[in-house]
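Here is the structure we will look at.
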Amino acid sequence: MSELVFKKLSGQIDMLSYAEKIKLLDKIVRTLHTPVKTHKREFSDFNAAFGLWKDRPLSVEEIRTKAWGRS
């Protein structure tokens, strides 16, 4: 937060009554203690990938040749 924004906010808070400051502080504390809702990632089925290359002839040399040929 920039210093100018902080000074402006601080000035606005100074104009509040004591009761309003307490309410504001309470709201800030409750907001900070509220757990953030996160979406659960939908993971793909890792086990579904097993057997993907079954019965396919594939060698490390072939992979390296294809990978280096792309550059």
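For K40, K8, what's the largest-to-smallest order of accessible area, 1.4 Å probe? Kindly include the intermediate steps, with their values, before the conclusion.
Values: K40 190, K8 140 Å².
The most accessible residue leads, giving K40, K8.
Accessible surface for I63 stands near 90 Å², nearest 10, in the context of the full protein assembly shown (1.4 Å probe). Converting phi to 3J(HN,Hα) with the Karplus coefficients 6.51, -1.76 and 1.60 and the offset θ = phi - 60°, the stretch 5-19 yields 5, 4, 5, 5, 5, 4, x, 5, 5, 4, 7, 6, 6, 4, 5 Hz in sequence order, with x at every glycine or proline.
So if R0 is 35 Å, what FRET efficiency would D14 and T34 give, r being the distance between their Cβ atoms, rounded to the nearest 0.05? For D14 and T34, the calculated efficiency is 0.85. Sequentially through the stretch 61-67, phi angles give Karplus couplings (6.51, -1.76, 1.60; θ = phi - 60°) of 4, 5, 5, 5, 4, 5, 5 Hz, Gly and Pro residues having no value and appearing as x.
For the stretch 2-42, a crude dipole built from +1 on the beta carbon of Lys and Arg and -1 on the beta carbon of Asp and Glu, taken about the Cα centre, is about 220 debye to the nearest 20.
Annotation: lysines with alpha-carbon distance below 19 angstrom to K8 (same-chain offsets under eight excluded): K21.
Taking 26 Å as the straight-line reach from the Cα of K54, the lysines in range (excluding those fewer than 8 positions away in the same chain) are K66. Residues D55, D14, D26 ordered from highest to lowest accessible area at a 1.4 Å probe: D55, D14, D26.
The values are calculated or read from the model by the stated rules, or taken from the named source; none is laboratory data. Fair warning: this is a prediction, and the values are worked out from it, not measured in the lab. Reconstructed Cβ throughout: ideal geometry from the backbone, glycine too, with neighbour counts over all protein chains shown. Calculation scope for accessible area: heavy atoms of the full protein, side chains included, ligands and nucleic acids excluded. Shrake-Rupley method; radii C 1.70, N 1.55, O 1.52, S 1.80 Å.
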